[in-house]
1. Among the residues of the stretch 78-106, what is the count of those that are within 22 Å of Ala243 (Cβ to Cβ), in contact with a Leu (Cβ under 7 Å, 6 or more places away or on another chain) and at pLDDT 85 or above?
2. For Tyr181, indicate whether it is under 18 Å from Gly128 (Cβ atoms) and touching a helix residue (DSSP H, G or I) at 6+ places or on another chain (Cβ under 9 Å).
3. Quick one: Arg207 ticks every box in (1) within 18 Å of the chain's Cα centre (by Cα); (2) at pLDDT 90 or above except a single one, so which number is it?
4. Report every pair of residues separated by at least 6 positions or lying on different chains whose Cβ atoms are under 8 Å apart, first residue within the stretch 140-152 and under 23 Å from Glu164 (Cα atoms), second of a type in the set (S, T, N, Q).
5. Of all residues in the stretch 155-196, how many are in contact with a strand residue (DSSP E or B) (Cβ under 6 Å, 6 or more places away or on another chain) and either part of a helix (DSSP H, G or I) or hydroxyl-bearing (Ser, Thr, Tyr) (or both)?
6. Taking the stretch 26-44, which residues are closer than 15 Å to Gly73 by Cβ and either outside the structural domain of Ser61 (by TED's automatic domain parsing) or of a type outside the set (D, E, K, R) (or both)?
7. Look through the stretch 95-125, keep the residues that are acidic (Asp, Glu) and not in a loop (DSSP other than H, G, I, E, B), and return whichever of them is farthest from Ser256 (Cα to Cα).
8. From the residues in the stretch 1-33 that are under 27 Å from Arg202 (Cβ atoms) and free of Cβ contacts under 8 Å to residues at least 40 places away in the same chain, which one is surrounded by the fewest Cβ atoms within 10 Å (Cβ to Cβ)?
Amino acid sequence: MDDLAGFLRTRRARVDPATAGIPVDGRRRVAGLRREEVAHLSGVSVDYYVRLEQGRATQPSEQVLDALARVLGLDRTEREHLHRLARQPRLRTRTPNGRVRPELLRMLDLVADAPALIMGHRLDVLAGNRLAGLLYGRPDVAGLNIARHLFLEEGEDGLYAGWETCTLDVVGHLRLAAGKYPDDPRLTSLIGELAMGSERFRRLWARAEVRARTHGSKAYRHPLVGLLELHQENFALPDGSGAELLVLTAAPGTPSADGLRLLAGLGAADAAVPDAEGTAGRGVRAAE
């Protein structure tokens, strides 16, 4: 799904030669740096760098990778991704099983005033609290795949107010996951499905950009309560599962905070109405 050679090629094309100290004239036809320029600036031979981009050189040293990261202007996330891709032939990371511990489910139930999700590395929602289900308009949010929902089920005018930014984040996350779990067949299948069904996904995937979002703003156009401008915090679970806890909060005293309270109230009213068997509606359940 991802490889060192392809990542180097896309990063090289992104670098402005002028910022690397290389004079530029009107005859230059190459986007970004030439291979020989990357080799010279990073202190490796041209032949060796060419073999790296052709996938014929394996196991570059940490020093070479650090030099390439410096020349290509990689940020911390991209540097880690570069090192991970270079180690792939030697080290394979076991794919997480996607199970959620009961203790985490109990913790989700304690988050009453904000949508909260536990999400796996494929962007599958493994569990969510009641308000998360109300946000996504599903009685059971577990089993929802955010990438599939974003690219194949929702459009620019759907639930996600910042749709274009969301697509960048999602593709960047999946690129990271592909580097961490190259032997995950379900991840491979998901990426193939998205590529077949979405032109925007294909274009973004070809850029080979990686992103690790730990916090930031997220806006939703909810059909019942209107625009919700929320703050998302991502907490990596400490069990090595690759899953994260996501909590979406609204600043106090804002229309979005009022909207979340209204949404929670609407959900409470629905839950109080008995169903056909005379039992009240239940909250969101976790995926098995």
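The values are calculated or read from the model by the stated rules, or taken from the named source; none is laboratory data. From a predicted model like this one, the values you see are computed outputs, not experimental measurements. Note that each Cβ is placed from the backbone with ideal geometry, even for glycine, and that neighbours are counted across all protein chains shown.
1. Final tally of qualifying residues: 1.
2. Numbers: under 18 Å from Gly128 (Cβ atoms): no; touching a helix residue (DSSP H, G or I) at 6+ places or on another chain (Cβ under 9 Å): yes.
It is false that Tyr181 is under 18 Å from Gly128 (Cβ atoms) and touching a helix residue (DSSP H, G or I) at 6+ places or on another chain (Cβ under 9 Å).
3. Only one criterion is unmet by Arg207, namely (2).
4. Once the first residue is under 23 Å from Glu164 (Cα atoms) and sits in the stretch 140-152, its partners that are of a type in the set (S, T, N, Q) give Leu150/Thr167; Phe151/Thr167; Phe151/Ser198; Leu152/Ser198.
5. In the first step, residues of the stretch 155-196 are kept if they are in contact with a strand residue (DSSP E or B) (Cβ under 6 Å, 6 or more places away or on another chain); the result is 159, 161-162, 166.
Subset that is either part of a helix (DSSP H, G or I) or hydroxyl-bearing (Ser, Thr, Tyr) (or both): 166.
The total comes to 1.
6. Keep residues of the stretch 26-44 that are closer than 15 Å to Gly73 by Cβ, which gives 31-33, 37-38, 41-42.
Within the stretch 26-44, Ala31, Gly32, Leu33, Val38, Leu41, Ser42 meet the criteria.
7. At the first step, the residues of the stretch 95-125 found to be acidic (Asp, Glu) are 103, 109, 113, 124.
Within this subset, residues satisfying the condition of being not in a loop (DSSP other than H, G, I, E, B) are 103, 109, 124.
Working: Glu103: 30, Asp109: 21, Asp124: 26 Å.
The selected residue is Glu103.
8. Step one: filter the stretch 1-33 for residues under 27 Å from Arg202 (Cβ atoms), giving 1-16, 29-33.
Filter once more, keeping what is free of Cβ contacts under 8 Å to residues at least 40 places away in the same chain: 13, 16, 29-33.
Working: Ala13: 14, Asp16: 12, Arg29: 5, Val30: 11, Ala31: 11, Gly32: 17, Leu33: 22.
Looking at the filtered set, the residue picked out is Arg29.
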